[in-house]
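Following: one structure in structure tokens, then a few remarks.
The values are calculated or read from the model by the stated rules, or taken from the named source; none is laboratory data. Source: prediction; values computed, not measured. Glycine gets a Cβ as well: all are built from the backbone with ideal geometry, and neighbour counts include every protein chain shown. The accessibility values were calculated without ligands, DNA or RNA, using every heavy atom of the protein model including side chains. Shrake-Rupley method; radii C 1.70, N 1.55, O 1.52, S 1.80 Å.
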Amino acid sequence: MRDFYKPSVILQLVGHCNETIVTELHPMLDARDLEKRLQEYPLYNNLKTRMQLCISFVDILRALHSGYDGKIYVQCDAGSLLKLAGQFLLTEDFHLVLSDVDSMEAIVLNGKTRKLIKCTVWGELKGYFPAPEQLWPYKGHFNASKMPLYDEKVEIWKIPDMCLYFLGDDASSLKLKQSLKPIHKRCKSRDPRKRPSAEEVHKAYVTIYHDILNRTNVSPSSHAKTMS
């Protein structure tokens, strides 16, 4: 929290003493309660707000993957969709800030080489949510020491699931989801090298977001935070 270079995407540290830390307060709590919060604030329950959350999520990944300090950060505490959603707090204007940073792995950059990582701190990952390269690829029992290494593209795989979670199940989002299919299909490529970067996904999302604004004649000025 103290050292991260782009404070706007991470929970702000106010102070610390020994093992006690004090942070900014976000009373809306984490993104697992999104639907409850949108029911409490119905004026925000629209496609613009929901797409804004997709952009905010990718903006955080864009910062984590920037390599600004010679490291690319990957969240290793995200074996399921709700587990990952719980790591982000909702701001009062329905953006996200990353609050859980205790299980980060860093891909160290050294010129054109990079030291890859594997997220095995919580044991074997299973199911559809982790990227294919995060699943145990061999016969026999899981052995963390024999897991192949991978890079930040494991997080790109999860973007479509998170965005669809933010968009919800309302029929009004069907056309928007159709617009997202091309970039989401690329994110779900089984070959991580064919997946787009967080920067590419962000650009695609912003384009689609502005299309929503144009169709609804809403000025984007009040939503500019995620666009910068």
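Hey, among 179, 189, which residue is more than 22 Å from residue 78 (Cβ to Cβ), open to solvent by less than 60 Å² (accessible area, probe 1.4 Å) and either polar (S, T, N, Q) or modelled with pLDDT of 95 or more (or both)?
Residue meeting the stated conditions: 179.
May I ask you to list the residues in the stretch 63-83 that are farther than 21 Å from residue 149 by Cα and at pLDDT 90 or above? Don't jump to the end; show me each part of the working.
First pass over the stretch 63-83, keeping only residues farther than 21 Å from residue 149 by Cα: 63, 68-69, 81-83.
Passing the criteria: 63, 81, 82, 83.
Taking every residue in the stretch 45-59 that is of a type in the set (D, E, K, R) and pairing it with any residue that is open to solvent by less than 10 Å² (accessible area, probe 1.4 Å) and assigned to a helix (DSSP H, G or I), at least 6 positions away or on another chain, the pairs with Cβ-Cβ distances below 6 Å are 48/212; 50/166; 50/167; 59/226. Does residue 35 meet the test of being without any contact (Cβ under 8 Å) to a residue 40 or more places away in the chain and open to solvent by 30 Å² or more (accessible area, probe 1.4 Å)? So residue 35 fails the test. Residues that are touching a strand residue (DSSP E or B) at 6+ places or on another chain (Cβ under 7 Å) and either assigned to a strand (DSSP E or B) or of a type in the set (Ser, Thr, Tyr) (or both) were ranked within the stretch 17-30; the one that is least open to solvent (accessible area, probe 1.4 Å) is 30. For the stretch 185-199, the candidate set comprises residues that are touching a residue at least 40 places away in the same chain (Cβ under 8 Å) and assigned to a helix (DSSP H, G or I); within that set, the residue that is nearest to residue 129 (Cα to Cα) is 192. Every condition in (1) farther than 25 Å from residue 195 by Cα; (2) in a strand (DSSP E or B) is met by residue 37 except one, and the failing one is (2). Sub-7 Å Cβ pairs linking a first residue in the stretch 142-168 that is touching a residue at least 24 places away in the same chain (Cβ under 8 Å) and farther than 20 Å from residue 123 by Cα to a second residue that is in a helix (DSSP H, G or I) and hydroxyl-bearing (Ser, Thr, Tyr), at least 6 apart or interchain, are 167/173, ordered by first then second residue. Being modelled with pLDDT of 95 or more and either in a helix (DSSP H, G or I) or of a type in the set (Ser, Thr, Tyr) (or both) is a property that does not hold for residue 215.
For the stretch 85-93, does any single residue satisfy the condition of being in a helix (DSSP H, G or I), open to solvent by less than 80 Å² (accessible area, probe 1.4 Å) and within 25 Å of residue 125 (Cα to Cα)? Reasoning before the result, please.
Of all residues in the stretch 85-93, those in a helix (DSSP H, G or I) come to 85.
After this cut, where a residue has to be open to solvent by less than 80 Å² (accessible area, probe 1.4 Å) as well, the list is 85.
If we keep only those that are within 25 Å of residue 125 (Cα to Cα) as well, we get 85.
Yes, some residue in the stretch 85-93 is in a helix (DSSP H, G or I), open to solvent by less than 80 Å² (accessible area, probe 1.4 Å) and within 25 Å of residue 125 (Cα to Cα).
Residues of the stretch 100-118 being within 21 Å of the chain's Cα centre (by Cα), assigned to a loop (DSSP other than H, G, I, E, B) and either of a type in the set (Lys, Arg) or under 23 Å from residue 30 (Cα atoms) (or both), which ones?
To start, the set of residues in the stretch 100-118 that are within 21 Å of the chain's Cα centre (by Cα) comprises 100-108, 116-118.
Checking the rest, the ones that are also assigned to a loop (DSSP other than H, G, I, E, B) come to 100-103, 116, 118.
Selection gives 100, 101, 102, 103, 118.
Anything in the stretch 101-119 that is open to solvent by 40 Å² or more (accessible area, probe 1.4 Å) and more than 19 Å from residue 66 (Cβ to Cβ)? List them, or say none.
Taking the stretch 101-119 as the starting set, the residues that turn out to be open to solvent by 40 Å² or more (accessible area, probe 1.4 Å) are 101-102, 104-105, 108-116, 118.
Matches in the stretch 101-119: 102, 118.
Is the stretch 155-175 home to any residue that is buried (at least 17 other Cβ atoms within 10 Å of the Cβ), among the small types (Gly, Ala, Ser) and closer than 23 Å to residue 49 by Cα? Checked against the condition, which is being buried (at least 17 other Cβ atoms within 10 Å of the Cβ), among the small types (Gly, Ala, Ser) and closer than 23 Å to residue 49 by Cα, the stretch 155-175 yields at least one hit.
Assess whether residue 63 counts as being hydrophobic (A, V, I, L, M, F, W, C), farther than 25 Å from residue 35 by Cα, in contact (Cβ under 8 Å) with a residue 12 or more places away in the chain and open to solvent by less than 10 Å² (accessible area, probe 1.4 Å).
Working: hydrophobic (A, V, I, L, M, F, W, C): yes; farther than 25 Å from residue 35 by Cα: yes; in contact (Cβ under 8 Å) with a residue 12 or more places away in the chain: yes; open to solvent by less than 10 Å² (accessible area, probe 1.4 Å): yes.
Yes, satisfied.
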